[in-house]
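Student: This is the structure, below, for whatever I ask next.
The values are calculated or read from the model by the stated rules, or taken from the named source; none is laboratory data. All values reported here derive from a predicted model rather than from experimental measurement. Backbone-built Cβ (ideal geometry, glycine too); neighbour counts: all protein chains shown.
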Amino acid sequence: MANTLQDRLLAELADPGARRAAVAHAEAYLAAALGRAVAPGAEAMARLARFDEPLPARGLDALAIVERLAADGAPATMAQLGGRFFGLVNGSSLPAAIAARWLADTWDQNAVFRQVAPVAAKLEDVAERWLVDLLKLPEGTRAGFVSGTTAANVCGLAAARQHLLARQGWDLNAKGLRGAPPIRIVAGRHAHASQLKALALLGFGTETIEWIDVDDQGRAIADRAPALDRTCLLVLQAGNVNSGAFDPFASLCRRAREMDAWVHIDGAFGLWATASPKLAHLMAGAELADSWSADAHKTLNSPYDCGIVLCRHPHALAAAMEASAAYLVPGREREPSTYTPEMSRRARGIDVWACLLSLGREGAAELVELLHERARSFAAQIRSAGFQVLNDVVFNQVVVGCGDERQRDALLGAIQSSGECWVGGSTWFGRPVVRVSICSWATTEQDVSRSVAAFVAARGGNR
Ligand SMILES: *Cc1c(COP(=O)(O)O)cnc(C)c1O
């Protein structure tokens, strides 16, 4: 008889029942993931109300919790693991990464220091080395494993701020921002919301940004950039969130180099283009930047909560993330928390390691090219069906024009509720559009045709 909480928990640890049930439910979910309706139906959504209950006085046992989650939670998921979810810029998950995550989560490692999480630290070392190699970044570039690109942008821009102030004789960690020498922020007019959020978190308001005009694909126009100097922080992007376009890195990074300005590139989904010999031209010159951010949970198809900041000035990044306390005793080797804002965190490097090991160099190229080919096919088919494609499909994004806002919203609603695929809306140079982001390893040609058919059916129903 379990008397105390501890007795009960010890009994649950000894009994594999709940974990076996979780695996069985997960397996059933995976088996259905590719074929099911993409968005949850009304019944599944209504069932979420069952979670609205007061916190019970006595806790439930582990098996009962797993069963409730499977019964009422699983149906209200979006089928992101499948091949027909094209909203935001979301990846699926590679099978090896799902499995590795299950195992590593069970280990419950705190990737703060090597001493307390040796395997987490080791696999971060390896993942960092592989990333720098695959993405052709300068030797000595360091990686911080963070929650996503928003966090990675904060880290990269914080490193920039640290560096640009330090060389004007300003110790930011000691003196703070008040009275600090000015930093000029320069960014393309289509800078992603997360870049602006990161800048705001760091004390740089949007009114202080010197904007660079963009071309019809949303790329910063190099000739429109202001004169740069050594107080400048130039924020560029590899992958416009609507069109997928890449800023002209070669000219802008070279100019920044000459003037000793810092360049940060947000490459949430686009940084991975370098992995493909066919698409690496999009990234030409990006290796001249100072910091980069990327999401493993997008193009690389890792499970969520997996972003990476990369920086060629390890001291600037480490100084920006600095923490010291008597009980924190970092060793001499690379310490995971040196390059991240968090101290305690899960061992994200393991996800990245598993993805890269699952793909290999050739698989990484093939995955990136697959996403690109599917996007091109989507664009060709949707155009044949009479829709307008408003962007050059250089990577994985397709911007579809479909009338005014009312028509667009009606089309979106009909597509989303069909369960055939899921796409979201956006605005492209003032026009309401549907954006299609192909990010899942699982998207087949058949998924593309089926999704285009869903657009056609939705339009028919709205006429
Ligand atoms: C998704 C995205 C982000 C934000 O990344 P999160 O992982 O959601 O924090 C930033 N920039 C671009 C270009 C993106 O596509």
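Student: So, in the stretch 430-448, exactly how many residues are within 24 Å of the chain's Cα centre (by Cα) and either among the polar types (S, T, N, Q) or part of a loop (DSSP other than H, G, I, E, B) (or both)?
Tutor: Number of matching residues: 8.
Student: Among the residues of the stretch 349-368, is any in contact with a Cys (Cβ under 8 Å, 6 or more places away or on another chain) and within 20 Å of Leu271 (Cβ to Cβ)? Before you say what the answer is, go through the steps one by one.
Tutor: Start the filter on the stretch 349-368 by keeping residues that are in contact with a Cys (Cβ under 8 Å, 6 or more places away or on another chain), which leaves 351-352.
Still in the list and also within 20 Å of Leu271 (Cβ to Cβ): 351-352.
Looking through the stretch 349-368, at least one residue is in contact with a Cys (Cβ under 8 Å, 6 or more places away or on another chain) and within 20 Å of Leu271 (Cβ to Cβ).
Student: So which pairs qualify, if the first residue must be in the stretch 234-245 and small (Gly, Ala, Ser), the second must be more than 8 Å from the ligand (Cβ to nearest atom) and assigned to a strand (DSSP E or B), the Cβ gap must be under 7 Å, and the two must be at least 6 apart or on different chains?
Tutor: Ala238/Phe246; Ala238/Ile265; Gly239/Phe246; Ser243/Gln397; Ser243/Val399; Gly244/Gln397
Here is a yes/no grid of residues against (1) in contact with a strand residue (DSSP E or B) (Cβ under 7 Å, 6 or more places away or on another chain); (2) closer than 28 Å to Gln6 by Cα:
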| residue | (1), (2) |
| --- | --- |
| Ala26 | no, yes |
| Glu43 | no, no |
| Gly82 | no, no |
| Leu88 | yes, no |
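Student: Let me ask something else. Among the residues of the stretch 346-364, are any farther than 21 Å from Ala159 by Cα and assigned to a loop (DSSP other than H, G, I, E, B)?
Tutor: Yes, there is a match, as at least one residue in the stretch 346-364 is farther than 21 Å from Ala159 by Cα and assigned to a loop (DSSP other than H, G, I, E, B).
Student: Here's another thing I want to ask about it. Which one is nearest to the chain's Cα centre (by Cα) among residues in the stretch 251-284 that are away from the ligand (no atom under 15 Å from the Cβ), within 19 Å of Cys311 (Cβ to Cβ) and crowded, with 20+ Cβ neighbours inside 10 Å? Working first, answer last.
Tutor: The first filter runs over the stretch 251-284 and keeps only residues away from the ligand (no atom under 15 Å from the Cβ), leaving 251-263, 274-281, 284.
In the following step, the residues that additionally are within 19 Å of Cys311 (Cβ to Cβ) were identified as 252-253, 256-257, 260-263, 274.
Restricting the remaining residues to those that are crowded, with 20+ Cβ neighbours inside 10 Å gives 252-253, 256, 261-263, 274.
Numbers: Leu252: 24, Cys253: 23, Ala256: 26, Ala261: 26, Trp262: 23, Val263: 20, Thr274: 16 Å.
Here the residue is Thr274.
Student: Still on this structure, I have one more. Between a first residue in the stretch 1-15 that is within 12 Å of Gly59 (Cα to Cα) and a second residue that is at pLDDT below 95, which pairs have beta carbons less than 6 Å apart while being 6 or more apart in sequence or on different chains?
Tutor: So the pair list comes out as Arg8/Ala2.
Student: Is it true that Phe113 is surrounded by 16 or more Cβ atoms within 10 Å (Cβ to Cβ), more than 16 Å from the ligand (Cβ to nearest atom), of a type in the set (Phe, Trp, Tyr) and in contact (Cβ under 8 Å) with a residue 12 or more places away in the chain?
Tutor: Yes.
Student: May I ask you to list the residues in the stretch 439-453 that are among the hydrophobic types (A, V, I, L, M, F, W, C) and in contact with a Gly (Cβ under 9 Å, 6 or more places away or on another chain)? Please lay out each step first, then the result.
Tutor: If we filter the stretch 439-453 for residues that are among the hydrophobic types (A, V, I, L, M, F, W, C), which is where we start, we get 439, 441-442, 448, 452-453.
Hits for the stretch 439-453 are Cys439, Trp441, Ala442, Val448.
Student: When the residues of the stretch 1-58 are narrowed to those that are in a loop (DSSP other than H, G, I, E, B) and acidic (Asp, Glu), which ends up surrounded by the most Cβ atoms within 10 Å (Cβ to Cβ)?
Tutor: Per the criteria, the residue is Asp15.
Student: Next question. I'd like to check something: does the stretch 385-398 contain any residue that is surrounded by 24 or more Cβ atoms within 10 Å (Cβ to Cβ), under 19 Å from the mean Cα position of the chain (by Cα) and more than 23 Å from Tyr304 (Cβ to Cβ)?
Tutor: For the stretch 385-398, residues surrounded by 24 or more Cβ atoms within 10 Å (Cβ to Cβ), under 19 Å from the mean Cα position of the chain (by Cα) and more than 23 Å from Tyr304 (Cβ to Cβ): present.
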